[in-house]
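Down below is the structure, laid out as structure tokens.
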Ligand code: PGA
């Protein structure tokens, strides 16, 4: 069976103003044109309208970096799936380790968000990953399986075949310390095996599993060539046109 379409997804985090975002995406359009990879930019909420407009007519898709699971209501400071969908958002990144650590996001919240995102016709990019201590304690597999099992509770096989999972070891995020190809492959394979256990191998062969954590222009090609790695969730390097362009065109 041929591998899934490789995704190069940028996670800008809290970077770039709306104006800077539009400038960046206008230039990225040419670099991304005709690429074999699916190109996604995960931008701050306030950048979404401008970026969707700037990406029109291109192969660049837009992701939000968070969402609330309720459709509307008294949730000061939150944004709903309906609001994002109306703007033209395709993907929503949920469960990033920074949101878990700084904003108290739990596996249960991530599960509610995943359901709401799918119901609204968007696709969740569900993040998981272990700390350095957990890796040293030898509980990486248990930890990641636990995170993903709860995130997927109640989702149908059809939904799981459409979602994206991003394995991001916390010790590799923003540290310049990338997981080796083998370390990244090992955990992505564990996640795919879990999906096969829960939903069967037809589904697990369709679900895209990305690696994230210090992906850059020089390591993307080898990482994305691993059998169970279907692309990358890219932080720092996605903020630079040259580096992100090389990641998008890693196969050249
Ligand atoms: P990084 O971030 O590429 O800067 O390590 C990845 C992420 O947090 O998604």
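Just check segment 67-106 against the gyration tensor rule for me: Cα atoms, a ≥ b ≥ c as the square roots of the eigenvalues, rounded for a/c under 1.5, and otherwise prolate or oblate depending on whether a/b exceeds b/c. Verdict is oblate for segment 67-106. With only Cα atoms counted, segment 10-99 has Rg and Dmax values of 13.3, 44 Å.
Using alpha-carbon positions, what is the distance between the centroids of segment 235-252 and segment 154-225, in Å? The distance from the Cα centre of segment 235-252 to that of segment 154-225 comes to 19 Å. Both radii are taken from the alpha-carbon atoms of the chain; with Rh as the Kirkwood radius, Rg/Rh is 0.94.
Across segment 112-252, the relative contact order, built from alpha-carbon pairs under 8 Å that are at least six residues apart, equals 22 percent.
For segment 155-252, just say rounded, prolate or oblate: build the C-alpha gyration tensor, square-root its eigenvalues into a ≥ b ≥ c, call rounded for a/c under 1.5, and beyond that prolate if a/b exceeds b/c, oblate if not. Prolate, since a/c reaches 1.5 and a/b exceeds b/c.
Between 208, 99, 192, the Gaussian network model of the chain with springs among Cα atoms under 10 angstrom shows the greatest mean-square fluctuation at 99. Comparing segment 106-153 with the 2.2 N^0.38 Å rule of thumb, its C-alpha radius of gyration ratio is 1.30 (two decimals).
Could you state the number of Å between the C-alpha centres of segment 90-104 and segment 1-78? If you average the Cα positions of each part, the centres end up 15 Å apart. As a length-normalised measure over Cα pairs under 8 Å and 6 or more apart, the relative contact order of the chain settles at 20 percent. Say we join alpha carbon atoms closer than 10 Å with springs in a Gaussian network model of the chain; which of 146, 167, 102 then has the biggest fluctuation? Of 146, 167, 102, the Gaussian network model singles out 102 as fluctuating most. Considering only 52, 234, 215, the mean-square fluctuation computed in a Gaussian network model of the chain, springs between alpha carbons under 10 angstrom, is largest for 52.
We did not get these values from a lab; they are worked out from the coordinates using the rules stated. Predicted model only: the values in this text are computed from it and were never measured.
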